[in-house]
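The values are calculated or read from the model by the stated rules, or taken from the named source; none is laboratory data. Model, not experiment: these values are computed from the prediction. Glycine gets a Cβ as well: all are built from the backbone with ideal geometry, and neighbour counts include every protein chain shown.
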Amino acid sequence: MTCPFLAYRSEANDRQFDEPRAYCEAAEQFVQPMRADICNDRYDLSHDEHCEIYLEHADEVPAGTETGDETENAGQSAGDDA
Amino acid sequence: MSYENYLAGEPVIITAALTGGVQGKEATPHLPETPKEIGKAAAEAEAAGASVVHVHARKDNGERTFATERFQEIDDEIRRQADDVIIQHSTGGTGASDEDRHLPLRTDPAPEMASLDMGPMNRYDHLTSENTRGLVDSLHEEMVERGIKPELEIFNDGHMNETYGLLERRELAEPVYGTLIFGPGTLTPPKPRNFINAIDNLPEGAQFNTLGFGRHQLPFVTMGILFGGHVRVGLEDNIYYERGELATSNAQLVERVARIADELGREVATPSQARDILNL
Ligand code: SF4
């Protein structure tokens, strides 16, 4: 199951792309390709375990979209600022 | 390798890390993502002085893929557009299965080089790329079978111990080639004394490559040149040319480091010289 905040958009925040890209409706921004694997629950990744943005916004998930998860504070991400 | 190697004026190998797997065009429109774009970036980087290109594979929307077929498409484009550049595949892959991590090694022909991460690295707040010793050994084994030179990625001092551990477990072809990586998070803190320390800790006879993330790219590659090492630049590791100004291409970053090497009296290695230095 993919993250309920995930959308694919070609355009947002004054940015345009040829191919629709992963966009986070909780953070209101396009997400990094590596994080998109978390959004899509690909490989061994899952949004409700590995994404600090989801964990911060879990109580905003519309009812019936997904069972609520515990909320956890998110800090600064590390090792991905290059 | 040391300052004496610098004084001896040995050629410096420039690696261009063209695309990476973490950030994409959402970070900078200049980052190549498709095979055609990566091929063009490789040709331009080679013309600017790079003898090695480090590549990851992506889908058309920029997302990661580890599929052999996609690496094949990228290699075909690089060979079509570039001249003689050495292709180095990444075998990194946070969250990917061990089986997926082997897939980049299986193109035809095999890449001349591939990265081999020496240990764990944290990503975001809840994720770690584990890079277990078991995975390191199995990737190395397949590299040996396919004639691929491993580029050992040493994220921090602990990974230097892991490098010695690998040398005890496995026989590595000479010279051992390790990339010393400086930056935030799990990486070695980017301080000159840590750089000197890392060089001192390298195995006897090893050649080293220098990688600084973000704004540390330029000062650390300059130190790499001065201490007889090799250097890596590119949009995978740093998207800025200077503070607040995006780099317009990988080639722009390569051109600058080639110019610095030239000013400091080190010849920039051609792909052929790089093959000799690394015993490919
Ligand atoms: S997984 Fe995280 S980044 Fe991705 S859509 Fe959900 S909240 Fe946003």
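Structure notes:
- Looking across segment A:31-49, the residues that are part of a helix (DSSP H, G or I), more than 8 Å from the ligand (Cβ to nearest atom) and not charged (D, E, K, R) come down to A:Pro33, A:Met34.
- Exactly one residue among B:Glu33, B:Glu46 is buried (at least 21 other Cβ atoms within 10 Å of the Cβ), of a type in the set (Asp, Glu) and assigned to a loop (DSSP other than H, G, I, E, B), and that residue is B:Glu33.
- The number of residues in segment A:16-30 that are within 16 Å of the ligand (Cβ to nearest atom) and more than 10 Å from B:Gly62 (Cβ to Cβ) comes to 8.
- Count of segment B:222-268 residues which are of a type in the set (A, V, I, L, M, F, W, C), touching a helix residue (DSSP H, G or I) at 6+ places or on another chain (Cβ under 6 Å) and either closer than 18 Å to B:Pro29 by Cβ or within 14 Å of chain A (Cβ to nearest Cβ) (or both): 4
- Residue that is at pLDDT below 95 and either surrounded by fewer than 19 Cβ atoms within 10 Å (Cβ to Cβ) or in a helix (DSSP H, G or I) (or both), where the choices are B:Gly165, B:Gly224, B:Gly205: B:Gly205
- Out of B:Leu280, B:Leu253, one residue alone is assigned to a loop (DSSP other than H, G, I, E, B) and under 18 Å from the mean Cα position of the chain (by Cα). It is B:Leu280.
- Residue in segment B:184-200 that is away from chain A (no Cβ under 14 Å) and at positive phi present: no
Yes/no per residue for (1) under 23 Å from B:Val52 (Cβ atoms); (2) out of contact with any Leu (no Cβ under 7 Å at 6 or more places or on another chain); (3) β-branched (Val, Ile, Thr); (4) without any contact (Cβ under 8 Å) to a residue 40 or more places away in the chain:
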residue	(1), (2), (3), (4)
B:Asp76	yes, yes, no, no
B:Asp83	yes, yes, no, no
B:Arg133	no, yes, no, yes
B:His159	yes, yes, no, no
B:Thr179	yes, no, yes, no
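- Selection from segment B:104-125 of residues that are part of a loop (DSSP other than H, G, I, E, B) and crowded, with 19+ Cβ neighbours inside 10 Å: B:Thr107, B:Ala110, B:Pro111, B:Glu112, B:Met118, B:Gly119, B:Tyr124
- Search result, residues across segment A:38-57 that are among the charged types (D, E, K, R), closer than 20 Å to B:Phe66 by Cβ and either more than 8 Å from chain B (Cβ to nearest Cβ) or in contact with a Pro (Cβ under 8 Å, 6 or more places away or on another chain) (or both): A:Asp41
- Screening A:Glu19, A:Glu60, A:Glu11 for residues that are within 10 Å of chain B (Cβ to nearest Cβ) and either surrounded by 15 or more Cβ atoms within 10 Å (Cβ to Cβ) or of a type outside the set (Ser, Thr, Tyr) (or both) leaves exactly one candidate, A:Glu19.
- The set of residues in segment B:139-183 being more than 14 Å from chain A (Cβ to nearest Cβ) and among the acidic types (Asp, Glu) consists of B:Glu141, B:Glu142, B:Glu145, B:Glu151, B:Asp157, B:Glu162, B:Glu168, B:Glu171, B:Glu174.
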